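Peer 1: Before we start, here is the structure in question, set down as structure tokens.
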Amino acid sequence: MLDRFLLLSGAAGVEPIICLNKTDLAPVTVFRSHVEAYKAAGYRLILTSARTGEGLDDLRTVLSGRFSVLAGPSGVGKSSLLNAIQPGLRLKTGEVSAKTRRGRHVTRLVELLPLEGGGFVCDTPGFTELKLPEIPPEAVAQHFPEIGRWSENCRFHDCLHVSEPDCAVQKAVMGKKVPLFRYRHYAAFVAEIVERERRKYL
């Protein structure tokens, strides 16, 4: 889901900032490799916890003076974070379901909220599914920075980095220079777009 958001924002020309919330629920060792992978790719990350206050000053600074949207699945704490950085908002929040381990849909409207530090932020309902942008499959690599960097060394200029010979990206993945989980998401997105394009002509 995160990589879908990053692809969508990149294709739309929107600056993405990754907010990894609820850090109080797990030791940093659990997610350190993922944090470092996204940082190495060039993304800005903020680690936050509405409960402990970690990262709230950084988030407040990032949101100040601009138009921003908080987007993510239900239960990740979007409304709780906004309440924590600006208590006067009094947004409705809910607990994650003990049975399904998923968030409940508490936020039902998209609201444009003014911030005390200037600017506006949208609190959005949780997403469970996101369609990929209408871009050609060869453009997907542009929105995976670590893949895009290696793609310049491929034998073919239109290489999709999936099964082509002399692919520098595949070699970088095998050499652990590109995180395997990111490459797998990239390959799945390419396949999804290729299939979508194929269906247009059926």
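Peer 1: Kindly put 29, 48 in sequence by how many other C-beta atoms sit within 10 Å of each C-beta, fewest to most.
Peer 2: 29, 48
Peer 1: Here's a follow-up. Compute, for the stretch 1-67, the length of the dipole vector about the Cα centre, with Cβ point charges of +1 (Lys, Arg) and -1 (Asp, Glu) only. Units Debye, rounded to 20.
Peer 2: In total the dipole reaches around 80 debye.
Peer 1: Put +1 on the Cβ of every Lys and Arg and -1 on every Asp and Glu Cβ in the chain; which of 77, 156, 42 then has its Cα farthest towards the positive end of the dipole?
Peer 2: Working it through, the farthest residue towards the positive pole turns out to be 77.
Peer 1: Grab the Cα-Cα distance for residue 26 and residue 202, subtract it from 0.36 nm times how many residues apart they are, and report the gain in nm with one decimal.
Peer 2: Full-extension gain reported as 58.6 nm.
Peer 1: Please order 127, 144 by the number of other Cβ within 10 Å, starting at the fewest.
Peer 2: Ascending number of Cβ neighbours within 10 Å: 127, 144.
Peer 1: Let me ask something else about it. What distance in nm separates the two pseudo spin-label positions at residue 1 and residue 171, each 7 Å out from Cα along the beta-carbon direction?
Peer 2: If labels sit at residue 1 and residue 171, their model points lie 3.8 nm apart.
Peer 1: Counting other beta carbons within 10 Å of each Cβ, put 161, 143 in order, fewest first.
Peer 2: With the fewest neighbours first, 161, 143 line up as 143, 161.
Peer 1: Give a residue-ordered list of calculated ³J(HN,Hα) values for the stretch 82-91 (Karplus: 6.51 cos²θ - 1.76 cosθ + 1.60, θ = phi - 60°; whole Hz; x for Gly, Pro).
Peer 2: The phi angles translate into 5, 4, 6, 7, 8, x, x, 5, 6, 6 Hz.
Peer 1: Would you kindly enumerate the cysteines in the chain that have no other Cys beta-carbon under 4.7 Å from their beta-carbon?
Peer 2: Lone cysteines by the Cβ rule: 19, 122, 167.
Peer 1: Taking a ≥ b ≥ c as the square roots of the Cα gyration tensor eigenvalues, with a/c under 1.5 meaning rounded and otherwise prolate when a/b beats b/c, else oblate, which class fits the stretch 1-69?
Peer 2: Cα axes put the stretch 1-69 in the oblate bin.
Peer 1: What is the set of long-range amide H partners of residue 19 at a cut-off below 5 Å, with H atoms built 1.01 Å from backbone N?
Peer 2: Here 46 satisfy the definition.
Peer 1: Note down the magnitude of the dipole of the stretch 137-199 about its Cα centre, charges +1 on Lys and Arg C-beta and -1 on Asp and Glu C-beta and zero elsewhere, to the nearest 20 debye.
Peer 2: Computed about the Cα centre, the dipole is about 280 debye.
Peer 1: Can you give me the distance in nm between label points at residue 155 and residue 116, each placed 7 Å from the Cα along the Cα-to-Cβ direction?
Peer 2: Between residue 155 and residue 116, the label points sit 6.2 nm apart.
Read the figures in this text as sums done on the coordinates, not as results from a lab. Values in this document were obtained by computation on a predicted structure and should not be read as measured data. Note that we place each Cβ from the backbone using ideal geometry, even for glycine, and neighbour counts take in every protein chain shown.
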